[in-house]
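Engineer: Here it is, the structure, as structure tokens.
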């Protein structure tokens, strides 16, 4: 069993920003380093979600980090949606580049009246696994959505292919900062218990075939390059085929759920 953190303790975890202080795969102490480290991640997630977000008017990213995803969306000349963010980590807020951001803890803070029912879509990437009371978290997020609004969440997939292929990765995926772990069934259950209507649950492989092969051969990842894309764009098509097929099997690194709030007449 993992210890149940209070919302106050979870905020302190973010304020400490252990990923910055301790280093590691996504660590670093300088903002410029963080931009480099998250560069591939940002590119990949804009590719995944930008077209999907185009059908919404007002979008909120919860756990917006440094605002890299928001920044990349805002730089697109064809963007049709407005996007704002929630973030509670002090280091991230101090270096935020994404535009409008609110320091609101969804678990412990009162949702400001002017933000209630404001958004057509809430997107939240790799935050839910850090939340020890996910149903309450998801219920509070409903307050931010319009009637019939959409929630798009991405979390790590406990049934990912790489965990089957690499014992070292299987051990690595049990991270100290993760409070909750999800399969497609348990992710769906969390949203249904929170009062959402689930419209889709699917998987996407985020990391590259080259990264997977290194885990299999050497038991360690690429940490600075080739995590998500191939070293030469001319062979990126190989990577695209691999990631697409792994996702179709439901065994990609990420699980993505799309759910809607009740549409009242």
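Engineer: Kindly evaluate residue 250 against the criterion of being more than 18 Å from residue 129 (Cα to Cα), loosely packed, with under 14 Cβ neighbours inside 10 Å and either touching a residue at least 24 places away in the same chain (Cβ under 8 Å) or in contact with a helix residue (DSSP H, G or I) (Cβ under 8 Å, 6 or more places away or on another chain) (or both). Reasoning before the result, please.
Structural biologist: Values: more than 18 Å from residue 129 (Cα to Cα): yes; loosely packed, with under 14 Cβ neighbours inside 10 Å: no; either touching a residue at least 24 places away in the same chain (Cβ under 8 Å) or in contact with a helix residue (DSSP H, G or I) (Cβ under 8 Å, 6 or more places away or on another chain) (or both): yes.
Answer is no for this residue.
Engineer: Quick one: how many residues across the stretch 96-119 are within 28 Å of residue 253 (Cβ to Cβ) and assigned to a strand (DSSP E or B)?
Structural biologist: Count: 2.
Engineer: Let me ask something additional. Taking only the stretch 188-240 into account, find how many residues are over 30 Å from residue 263 (Cα atoms) and in contact with a helix residue (DSSP H, G or I) (Cβ under 9 Å, 6 or more places away or on another chain).
Structural biologist: Selection size over the stretch 188-240: 26.
Engineer: Right, something else. Taking the stated definitions as given, is residue 154 within 13 Å of residue 128 (Cβ to Cβ), loosely packed, with under 15 Cβ neighbours inside 10 Å and in contact (Cβ under 8 Å) with a residue 24 or more places away in the chain? Reasoning before the result, please.
Structural biologist: On the way: within 13 Å of residue 128 (Cβ to Cβ): yes; loosely packed, with under 15 Cβ neighbours inside 10 Å: no; in contact (Cβ under 8 Å) with a residue 24 or more places away in the chain: yes.
No: the conditions fail for residue 154.
Engineer: Being closer than 26 Å to residue 175 by Cβ, without any contact (Cβ under 8 Å) to a residue 24 or more places away in the chain and out of contact with any helix residue (DSSP H, G or I) (no Cβ under 8 Å at 6 or more places or on another chain) is the filter; apply it to the stretch 92-141 and report the residue that is surrounded by the most Cβ atoms within 10 Å (Cβ to Cβ).
Structural biologist: Of everything passing the filter in the stretch 92-141, 93 is surrounded by the most Cβ atoms within 10 Å (Cβ to Cβ).
Engineer: Please state which of the following conditions residue 164 fails to meet, knowing it meets all the rest: (1) surrounded by fewer than 18 Cβ atoms within 10 Å (Cβ to Cβ); (2) in contact (Cβ under 8 Å) with a residue 24 or more places away in the chain; (3) touching a strand residue (DSSP E or B) at 6+ places or on another chain (Cβ under 8 Å).
Structural biologist: (3)
Throughout, read-outs are computed from the coordinates displayed, never taken from laboratory work. Since the structure is predicted, the reported quantities are computational estimates derived from the model, not experimental observations. For neighbour counting, all protein chains shown are included, and Cβ atoms are generated from backbone atoms with ideal geometry for every residue, glycine included.
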